[in-house]
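Input: a single structure, listed below in structure tokens.
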């Protein structure tokens, strides 16, 4: 698996005009090598990969040497003592690098400056070449085994959400429910939550990125539950909006519209369609119903080793959808002060159409 | 509080030769404004601050507008629709910026390039000035209220760890114990864990950054418990090494040495001492005992809104310790294949010496 990925990466070297690539982004690192370490903080790297046409090195520090050797057997592990940048010269020598590609969308400015200095002082000098989305583009199309793992992750979170919804009742506190979801995610055997669960009730449900509060759930209010798990490294992401008791007519109306928009997008999305067109399948329905201004986010996003990854499925930046992609379809309508409805499924494109990976339970038909 | 911090920040503008600063690092953002949103991923910003001598703007997108207005009343909230970089021109006009300081240790290369382009095309053109540690340096010295919150965070995690140690017995699984710690942290009322708990037993305890595995705890083995909580935004971090039953003599020996190194550093560390000297207080004891090669990390690190923040207390990069700093003292000895011992306390410097913020329980005197 990793050999195939490296082969595919190396086949792009010519197009990008590089002879070596430097990979620091944690999911890209894991995707290419199997090394699972996360970075404690954004500025605390647990390692980086240096890949040339005939060598593959994993540079890390002594905290991670054993783990790296175990998890990334296809890579030669090198342990630095004085920071990654100070090991660059040795790396350039070993790989005979002259043109080093770096992740332009991830490398920090200050690290770039230091690396640039080392590279220009090296003999022979090494040129730094910014790479945009080189590995991210590879990760867009999932291998069958990845789709299978994503499907398990989606099934697990569907089970968790179904269980949670069974337990839900008025009087419960948003924060407690969020914690209950995290507990269920662990009990179901996931590595952990993919992101902090969202439990947003009543007016809070009108905030697309609500953080769970100490507010209690009340009868008839919408409760948005947006949850995800990590299973063998792969993320899931799904949303249901539930009502504890009979909702008002206007909430029923927006629910019907959001669900219709979602079902339409799932039914009609196709490989070779542009992401912007997929987005508009749902958006047009919401617009025609008069709620276009209350659907402020994209229809969905790619999902895999990261919860949010390429391709974005929104009204901007068209990209062509392809077989093997896995992404979310999550239209929403948010009425400030009143409440919101969002419904999110994970789908994969196969046999020329979308297959839903998350469960089909817990939708209303008002 | 925030007014004082802004005043202090602005007093540095002259020295850095800037008229505006752009703050994107989440803890710096929170420190200066009160805005608590976290960034889902490094490449997903929930907002940034633009501060000039007479104005303070918080630029965010519609997902966070309400939250930003609520949490950062001292800032004027501006909602962008097309990404932060595309709003720069408007910001420059409003603030009459000519020299914009940015966080060189946090801004991503690609974002810098785009911002640089906008800045140079602006009329009048704006120059981008890299800032190193401008806000990080301010955060090093804690205000009395911050010390109080850190003390509560330290007390909470001490209580959690004491409870966990009571419950510990051979046969339990590392991963389950890690989850139990997360549960206890929530039950004690924290915002959440400061980092994923480390539970490392037997040979795993020889890996300073061990991830909990499905290994069971065995009698006589060392178990390293390294845990932290977040209370009102402030992190705690503490470590105990416990033995379930009688350890071997060599483990007792390294325990005694690590504890002596820790107590010596706590006793002798002073304001005006360099961090490298503080590190050597403990390191010399471990070296003299013949285990210098088995203590591969720094003695400690500053702690506050982030678990790891300035100052680093290690053998490199000297910095002068000052009253009001809060940092960890965590010597360790790791014998590959056999096991390790690490002991970690949080201290603050006040009245010319160190006061321990974490509990004094659960140490052995062999």
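The values are calculated or read from the model by the stated rules, or taken from the named source; none is laboratory data. Everything numeric in this text was worked out from a predicted model, so none of it was measured. Neighbour counts are summed over all protein chains in view; Cβ atoms, including those assigned to glycine, are modelled from backbone coordinates with ideal geometry.
Inspect segment A:225-236 for any residue being facing chain B (nearest Cβ under 10 Å), within 21 Å of the chain's Cα centre (by Cα) and surrounded by 20 or more Cβ atoms within 10 Å (Cβ to Cβ) and give the result as yes or no.
Taking segment A:225-236 first, the residues facing chain B (nearest Cβ under 10 Å) are none.
Within segment A:225-236 (the criterion being facing chain B (nearest Cβ under 10 Å), within 21 Å of the chain's Cα centre (by Cα) and surrounded by 20 or more Cβ atoms within 10 Å (Cβ to Cβ)), the answer is no, since none of the residues qualifies.
Each row is one residue, and each column tells you yes or no for (1) assigned to a helix (DSSP H, G or I); (2) in contact (Cβ under 8 Å) with a residue 12 or more places away in the chain; (3) more than 14 Å from chain A (Cβ to nearest Cβ).
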{"site": "B:283", "(1), (2), (3)": "yes, yes, yes"}
{"site": "B:297", "(1), (2), (3)": "no, yes, no"}
{"site": "B:304", "(1), (2), (3)": "no, yes, no"}
{"site": "B:317", "(1), (2), (3)": "no, yes, no"}
{"site": "B:326", "(1), (2), (3)": "no, yes, yes"}
{"site": "B:334", "(1), (2), (3)": "no, yes, no"}
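Which condition breaks for residue B:117 when tested against (1) touching a residue at least 40 places away in the same chain (Cβ under 8 Å); (2) in a helix (DSSP H, G or I); (3) within 14 Å of another protein chain (Cβ to nearest Cβ)?
(1)
Of everything in segment A:188-200, what is over 22 Å from residue B:175 (Cα atoms) and in contact with a helix residue (DSSP H, G or I) (Cβ under 6 Å, 6 or more places away or on another chain)? Give them in sequence order.
The answer is A:199, and nothing else.
Test of understanding: among A:224, A:230, which residue is in the same structural domain as residue A:339 (by TED's automatic domain parsing), in contact with a helix residue (DSSP H, G or I) (Cβ under 6 Å, 6 or more places away or on another chain) and either farther than 19 Å from residue A:332 by Cβ or not in a loop (DSSP other than H, G, I, E, B) (or both)? Step through it out loud before you land on a result.
Numbers: A:230 fails: in contact with a helix residue (DSSP H, G or I) (Cβ under 6 Å, 6 or more places away or on another chain).
The unique qualifying residue is A:224.
Which residue out of B:106, B:64 is within 24 Å of residue A:205 (Cα to Cα), touching a strand residue (DSSP E or B) at 6+ places or on another chain (Cβ under 9 Å) and crowded, with 16+ Cβ neighbours inside 10 Å?
Going through B:106, B:64 in turn, the sole match is B:64.
Answer yes or no as to whether residue B:122 is within 14 Å of chain A (Cβ to nearest Cβ), on the phi < 0 side of the Ramachandran plot and surrounded by fewer than 21 Cβ atoms within 10 Å (Cβ to Cβ).
In short, no.
If we scan segment B:268-276, do we find a residue that is more than 22 Å from the chain's Cα centre (by Cα) and within 14 Å of another protein chain (Cβ to nearest Cβ)?
Looking through segment B:268-276, none of the residues is more than 22 Å from the chain's Cα centre (by Cα) and within 14 Å of another protein chain (Cβ to nearest Cβ).
Give the number of residues within segment A:254-280 that are farther than 14 Å from residue A:363 by Cα and out of contact with any strand residue (DSSP E or B) (no Cβ under 9 Å at 6 or more places or on another chain).
Residues of segment A:254-280 farther than 14 Å from residue A:363 by Cα: A:264-280.
Next, only the ones that are out of contact with any strand residue (DSSP E or B) (no Cβ under 9 Å at 6 or more places or on another chain) stay: A:264, A:277, A:280.
Count: 3.
Might you let me know whether segment B:154-162 holds any residue that is surrounded by 19 or more Cβ atoms within 10 Å (Cβ to Cβ), under 16 Å from the mean Cα position of the chain (by Cα) and in contact (Cβ under 8 Å) with a residue 60 or more places away in the chain?
Yes, segment B:154-162 has at least one match.
Kindly evaluate residue B:133 against the criterion of being in contact with a strand residue (DSSP E or B) (Cβ under 9 Å, 6 or more places away or on another chain) and modelled with pLDDT under 95. Outline the logic, then answer.
Working: in contact with a strand residue (DSSP E or B) (Cβ under 9 Å, 6 or more places away or on another chain): yes; modelled with pLDDT under 95: yes.
Spelling it out, residue B:133 is indeed in contact with a strand residue (DSSP E or B) (Cβ under 9 Å, 6 or more places away or on another chain) and modelled with pLDDT under 95.
Could you tell me whether residue B:185 is in contact with a helix residue (DSSP H, G or I) (Cβ under 9 Å, 6 or more places away or on another chain) and at pLDDT 95 or above?
On the way: in contact with a helix residue (DSSP H, G or I) (Cβ under 9 Å, 6 or more places away or on another chain): yes; at pLDDT 95 or above: yes.
When the stated conditions are applied, residue B:185 passes them.
Tell me which residues, restricted to segment A:173-210, are closer than 21 Å to residue A:334 by Cβ and in a strand (DSSP E or B).
Hits for segment A:173-210 are A:198, A:199, A:200, A:201.
Sort out which residues of segment B:82-114 are without any contact (Cβ under 8 Å) to a residue 24 or more places away in the chain and either touching a helix residue (DSSP H, G or I) at 6+ places or on another chain (Cβ under 7 Å) or outside the structural domain of residue B:26 (by TED's automatic domain parsing) (or both), and write them in order of number.
Within segment B:82-114, B:109, B:112 qualify.
Take the residues of segment A:79-114 that are within 29 Å of residue B:25 (Cβ to Cβ) and away from chain B (no Cβ under 14 Å): which is nearest to the chain's Cα centre (by Cα)?
Going through the qualifying residues, I end up with A:84.
Looking for something in a loop (DSSP other than H, G, I, E, B), in the same structural domain as residue A:327 (by TED's automatic domain parsing) and free of Cβ contacts under 8 Å to residues at least 60 places away in the same chain - is there at least one such residue anywhere in segment A:252-270?
Checking segment A:252-270: not a single residue is in a loop (DSSP other than H, G, I, E, B), in the same structural domain as residue A:327 (by TED's automatic domain parsing) and free of Cβ contacts under 8 Å to residues at least 60 places away in the same chain.
Any idea which residue in segment A:190-220 is surrounded by the most Cβ atoms within 10 Å (Cβ to Cβ), counting only those that are under 20 Å from the mean Cα position of the chain (by Cα) and more than 9 Å from chain B (Cβ to nearest Cβ)? Show your work before the answer.
The initial filter retains those residues of segment A:190-220 that are under 20 Å from the mean Cα position of the chain (by Cα), namely A:190-199, A:208-211.
Now narrow it down to the ones that are more than 9 Å from chain B (Cβ to nearest Cβ): A:190-191, A:193-194, A:197-199.
Details: A:190: 23, A:191: 17, A:193: 22, A:194: 23, A:197: 25, A:198: 23, A:199: 30.
So, considering only residues that are under 20 Å from the mean Cα position of the chain (by Cα) and more than 9 Å from chain B (Cβ to nearest Cβ), the one surrounded by the most Cβ atoms within 10 Å (Cβ to Cβ) is A:199.
Given (1) facing another protein chain (nearest Cβ under 10 Å); (2) assigned to a helix (DSSP H, G or I), where does residue B:128 come up short, assuming only one miss?
(2)
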